[in-house]
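J.: Before we start, here is the structure in question, set down as C-alpha cells.
The values are calculated or read from the model by the stated rules, or taken from the named source; none is laboratory data. Source: prediction; values computed, not measured. Here the Cβ is made from the backbone with ideal geometry for all residues, glycine too, and neighbour counts use every protein chain on show.
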Amino acid sequence: VQLQASGGGLVQAGGSLRLSCAASGGTFSTYGMGWFRQVPGKERTFVATINSDGSSTNYGDSVKGRFTISRDNAKNTGYLQMNSLKPEDTAVYYCAAARYGGLSSNYRTYQFWGQGTQVTVSS
C-alpha cells in the first residue's frame, strides 16, 4: 500500500491543523494505522494509533487530550486532528500502515510509510 501524507504547515501556538493520509494500492480497511513524528537528530516518536475498523485508539502521553486520530475506510484515508498546538509539536509527521490490524506504538510494527509532512508551530 502507498501512503501520501498532507496537511502540514505553519501555525501559531494554540492553533490547529488536520493531517491527512491517503492510501492506495491495498486493502486499507484491514490495516492498523499510526502517526509518528521526528525532529532532526532525534528518533521517530509515537503520536497516535488506530485499529483497522476505527473502534480503538491510543495516544502518546504528550498529545493526549489535544490530538485525535481517525479514519474513513470508505475514502481510504486516515486523519490526525491536532488542536492546542505547542512549539514542541514542531516535527515532520509520518503516517504508517501495518498488516497487523490492531493498535501499535512501535514503529517496527509498520510496513508502509508516507513521505512525511512538516508541521511548524511558532510561539
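J.: Mind telling me which of the residues 1, 39 ends up being under 12 Å from residue 114 (Cα atoms) and either surrounded by fewer than 21 Cβ atoms within 10 Å (Cβ to Cβ) or of a type in the set (Ser, Thr, Tyr) (or both)?
T.: 1
The rows are residues; the columns are (1) more than 18 Å from residue 3 (Cα to Cα); (2) surrounded by fewer than 20 Cβ atoms within 10 Å (Cβ to Cβ); (3) modelled with pLDDT under 95.
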| position | (1), (2), (3) |
| --- | --- |
| 61 | yes, yes, no |
| 66 | yes, yes, no |
| 81 | no, yes, no |
| 86 | yes, yes, no |
| 94 | no, no, no |
| 99 | no, yes, no |
| 111 | no, yes, no |
| 117 | no, no, no |
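J.: Please list, ordered by first then second residue, the pairs with beta carbon atoms under 7 Å, 6 or more apart or interchain, first in region 112-123 and within 16 Å of residue 97 (Cβ to Cβ), second modelled with pLDDT of 95 or more and not in a strand (DSSP E or B).
T.: Here the result reads 117/7; 117/8, each pair linking region 112-123 to a residue that is modelled with pLDDT of 95 or more and not in a strand (DSSP E or B).
J.: Of all residues in region 16-28 being at pLDDT 95 or above and surrounded by 15 or more Cβ atoms within 10 Å (Cβ to Cβ), which is farthest from residue 88 (Cα to Cα)?
T.: Filtering region 16-28 for residues that are at pLDDT 95 or above and surrounded by 15 or more Cβ atoms within 10 Å (Cβ to Cβ), the one farthest from residue 88 (Cα to Cα) comes out as 23.
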